Amino acid sequence: MLEHNFDVDYTVPSTKQKIKINKDFIEVNSNKIACTDVKAVKYGVSLIGKAKKPERKHYNIDIQSHNGESISIKFSSNKVEELLEEDHTYYYIMSGLWQYVKKHLVTEYITALNENKGFGIGNTQVTQQGFVMSYTSGFLFWKKSKTDLVPWNDVKYFLKEGVLHIDSISDRRKKETLSLHNDWNAVVLNTLLHYLWQDHRKEKLAKGQTI
């Protein structure tokens with residue numbers, strides 16, 4: 001079976017950004033971060049202009065290292081059509097980022113859950129037992145902020161317009177929203193949730209079993 005090469009070596013015509021991605025590092029112009037040193041990613045495609053008649057597409061990819069250094073890849077299209085040249089460029093870059101960076105970030109989160117360490121994304125904490133969510137209770141001036149664990153069997157999630165929604169099934173007050181474009185590693189969490197919802201993995205995780 002042939003091995004696929006996911007290396008990226010490309011100069012974006014509109015921005016002149018020179019991009020290299022391989023198993024060892026991500027480099028944009030003179031900025032370089034080792035793949036093993038990547039802490040977080042965020043990316044997305046935004047439509048700019050009126051909702052019913054957008055004027056252009058904006059492509060954004062951000063990578064952050066453990067020591068706080070960051071790399072940004074940004075470019076735009078003045079057209080809003082399916083499968084533009086810029087779309088192919090975006091998918092080409094993302095194929096390398098997925099293979100060499102995002103896969104190991106997902107693996108790190110799985111390892112943390114298996115070791116009962118958990119991790120935080122946005123305003124929520126993800127643990128071996130489920131999501132720790134903040135919510136308000138009471139009425140008017142008697143409202144109080146509370147934090148509670150929503151176990152895996154009470155969690156549902158869905159993705160809509162680049163926003164990841166994580167809700168309690170039994171209590172509508174308990175919910176979190178994460179933007180794939182703006183919240184670091186929301187894209188990684190989205191992939192992790194797909195993985196957990198297969199083969200009863202979240203149920204096994206709740207029982208303390210290795211997934």
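The values are calculated or read from the model by the stated rules, or taken from the named source; none is laboratory data. Values in this document were obtained by computation on a predicted structure and should not be read as measured data. Cβ placement follows ideal geometry from the backbone for every residue including glycine, while neighbour counts extend to all protein chains displayed.
For the range 178-210: of the residues being over 17 Å from Ile110 (Cα atoms) and touching a Leu at 6+ places or on another chain (Cβ under 7 Å), which is modelled with the highest pLDDT? Per the stated criteria, the residue is Leu178. Consider Leu84 carefully, then state whether it is over 15 Å from the mean Cα position of the chain (by Cα), closer than 24 Å to Asn190 by Cα and not assigned by TED's automatic domain parsing to the domain that holds Asn185. No; evaluated as a whole, the condition is false for this residue. Report yes if Ile93 is of a type outside the set (Gly, Ala, Ser), touching a strand residue (DSSP E or B) at 6+ places or on another chain (Cβ under 7 Å), on the phi < 0 side of the Ramachandran plot and outside any loop (DSSP other than H, G, I, E, B), otherwise no. Considered against the rule, which asks whether it is of a type outside the set (Gly, Ala, Ser), touching a strand residue (DSSP E or B) at 6+ places or on another chain (Cβ under 7 Å), on the phi < 0 side of the Ramachandran plot and outside any loop (DSSP other than H, G, I, E, B), Ile93 comes out as yes.
Within the set Ser77, Ser14, the sole residue that is buried (at least 18 other Cβ atoms within 10 Å of the Cβ), more than 19 Å from the chain's Cα centre (by Cα) and more than 12 Å from Ile93 (Cβ to Cβ) turns out to be Ser77.
When the range 115-130 is limited to residues that are in contact with a Leu (Cβ under 6 Å, 6 or more places away or on another chain) and more than 16 Å from Trp152 (Cα to Cα), the one that is surrounded by the fewest Cβ atoms within 10 Å (Cβ to Cβ) turns out to be Gly122.
Restricting the first member to the range 155-178 and to residues that are more than 17 Å from Gly120 (Cα to Cα), and the second to residues that are of a type in the set (Phe, Trp, Tyr), the beta-carbon pairs closer than 6 Å and six or more apart or on different chains are Arg173/Tyr135.
Candidates Ser14, Ser46: the one that is touching a Gly at 6+ places or on another chain (Cβ under 8 Å) and either among the hydroxyl-bearing types (Ser, Thr, Tyr) or part of a helix (DSSP H, G or I) (or both) is Ser46. Of the residues in the range 91-114, at least one is farther than 24 Å from Asn22 by Cα and surrounded by fewer than 17 Cβ atoms within 10 Å (Cβ to Cβ).
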